[in-house]
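Undergrad: Encoded as structure tokens, here's the structure I'll be asking about.
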Amino acid sequence: MDANQKGVGPTIRRNRLQQKDVADALGISRMTVLNWVHGNSVPTGTNLLRLLEYLRGFEPALQAEDLLPAAGSLVAPGSDPAVAE
């Protein structure tokens, strides 16, 4: 796996972590982690900080922006971000 891939999913897979273990470590539901991994949502606020702290135990140089997808990549299915309403 490319070490330069960003996002929660690639980071978790790169470090061979289990979603359940991440969820347990952060005190959140496995479904929340699953949604982050699949790009349905992103960690924010306290969850982002706690996730970053946890994952830095595996990747010390990890930054918050490494866990977030590129701008505009979270787009509702069937919508066109180029079309202004």
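The values are calculated or read from the model by the stated rules, or taken from the named source; none is laboratory data. All values derive from a computational prediction rather than experimental measurement. Reconstructed Cβ throughout: ideal geometry from the backbone, glycine too, with neighbour counts over all protein chains shown.
Undergrad: Out of all the residues in region 15-29, which are without any contact (Cβ under 8 Å) to a residue 40 or more places away in the chain and closer than 19 Å to residue 58 by Cα?
TA: Selection gives 16, 18, 19, 20, 21, 22, 23, 24, 25, 26, 27.
Undergrad: Shifting gears a bit: Name the residue, out of 45, 27, 39, that is among the small types (Gly, Ala, Ser) and at pLDDT 95 or above.
TA: Selected residue: 27, the only one of 45, 27, 39 that is among the small types (Gly, Ala, Ser) and at pLDDT 95 or above.
Undergrad: Show the residue pairs meeting these rules: Cβ distance below 7 Å; 6+ apart or different chains; first residue within region 30-44 and more than 18 Å from residue 20 (Cβ to Cβ) and surrounded by 16 or more Cβ atoms within 10 Å (Cβ to Cβ); second residue aliphatic (A, V, I, L, M) and at pLDDT below 95.
TA: Close Cβ pairs satisfying both conditions: 42/68; 42/74.
Undergrad: Output the residue which, of all residues in region 16-29 that are part of a helix (DSSP H, G or I) and touching a helix residue (DSSP H, G or I) at 6+ places or on another chain (Cβ under 8 Å), is surrounded by the fewest Cβ atoms within 10 Å (Cβ to Cβ).
TA: 20
Undergrad: Going through region 45-65 one residue at a time, which ones are among the acidic types (Asp, Glu), touching a residue at least 40 places away in the same chain (Cβ under 8 Å) and either closer than 18 Å to residue 16 by Cα or outside any helix (DSSP H, G or I) (or both)?
TA: Across region 45-65, the qualifying residue is only 59.
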